[in-house]
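I have placed the structure first, in the form of structure tokens, so that the comments after it can refer back to it.
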């Protein structure tokens, strides 16, 4: 079904929001992260092995990843953005390379985010990601 101009505009707005969110965590920008996640945000860990709840805990987890890794390279592709009134669901494939404790890692997978729009701003309220089993390993 073709999108209306308004739906297309909202989808582009959401795409730009998530792109800025990704740049904020890559830069270790706490303010940029805090302004984009809801106070009650939930992040389900890969494989639903656990969850991180609340803005402070989620922002801390992003900042810890940034502080403990180097040489981060991140690419998002194959975007799908669905907007339903003031709710958006975003799914994309990602590739990330980074160094953790001297060991190079390369992960590929899919990230899924749910956003809500309140007071004319988008906020992430839920997030999860998968890591492809064949790609989740250290790189020599």
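The values are calculated or read from the model by the stated rules, or taken from the named source; none is laboratory data. It should be emphasised that the depicted structure is a prediction, and the values quoted were computed from it without experimental measurement. Positions of Cβ are backbone-derived with ideal geometry, glycine not excepted, and every protein chain shown enters the neighbour counts.
So residue 106 passes all but one of these: (1) loosely packed, with under 15 Cβ neighbours inside 10 Å; (2) in a strand (DSSP E or B); (3) at negative phi; (4) free of Cβ contacts under 8 Å to residues at least 24 places away in the same chain. Which condition number does it fail?
If we test residue 106 against (1) loosely packed, with under 15 Cβ neighbours inside 10 Å; (2) in a strand (DSSP E or B); (3) at negative phi; (4) free of Cβ contacts under 8 Å to residues at least 24 places away in the same chain, just (4) comes out false.
For residue 11, all conditions in the list (1) under 18 Å from residue 91 (Cα atoms); (2) surrounded by 13 or more Cβ atoms within 10 Å (Cβ to Cβ); (3) under 15 Å from the mean Cα position of the chain (by Cα) hold save one; what is the number of the exception?
Here residue 11 meets the rest and fails (3).
Going by the conditions given, is residue 117 modelled with pLDDT of 95 or more, over 15 Å from the mean Cα position of the chain (by Cα) and either under 14 Å from residue 130 (Cβ atoms) or in a strand (DSSP E or B) (or both)?
Yes, satisfied.
Of all residues in the range 65-84, count the ones that are loosely packed, with under 13 Cβ neighbours inside 10 Å and in contact (Cβ under 8 Å) with a residue 24 or more places away in the chain.
5
State yes or no: is residue 111 exposed (fewer than 15 other Cβ atoms within 10 Å of the Cβ) and in contact with a strand residue (DSSP E or B) (Cβ under 6 Å, 6 or more places away or on another chain)?
Taking the combined requirement at face value, the residue does not satisfy it.
Being farther than 20 Å from residue 102 by Cβ and touching a strand residue (DSSP E or B) at 6+ places or on another chain (Cβ under 7 Å) is the filter here; which residues of the range 60-73 pass it? Explain how you work it out, then say what you get.
Going residue by residue through the range 60-73, those that are farther than 20 Å from residue 102 by Cβ are 60-63.
Hit for the range 60-73 is 61, nothing else.
Residue check: is residue 38 on the phi > 0 side of the Ramachandran plot, outside any helix (DSSP H, G or I) and out of contact with any helix residue (DSSP H, G or I) (no Cβ under 6 Å at 6 or more places or on another chain)?
On the way: on the phi > 0 side of the Ramachandran plot: no; outside any helix (DSSP H, G or I): yes; out of contact with any helix residue (DSSP H, G or I) (no Cβ under 6 Å at 6 or more places or on another chain): yes.
When the stated conditions are applied, residue 38 does not pass them.
Residues of the range 47-63 being surrounded by 11 or more Cβ atoms within 10 Å (Cβ to Cβ) and assigned to a helix (DSSP H, G or I), which ones? Give the derivation first.
Within the range 47-63, the first condition is being surrounded by 11 or more Cβ atoms within 10 Å (Cβ to Cβ), and the residues that meet it are 51-63.
Residues satisfying the conditions are 55, 56, 57, 58, 59, 60, 61, 62, 63.
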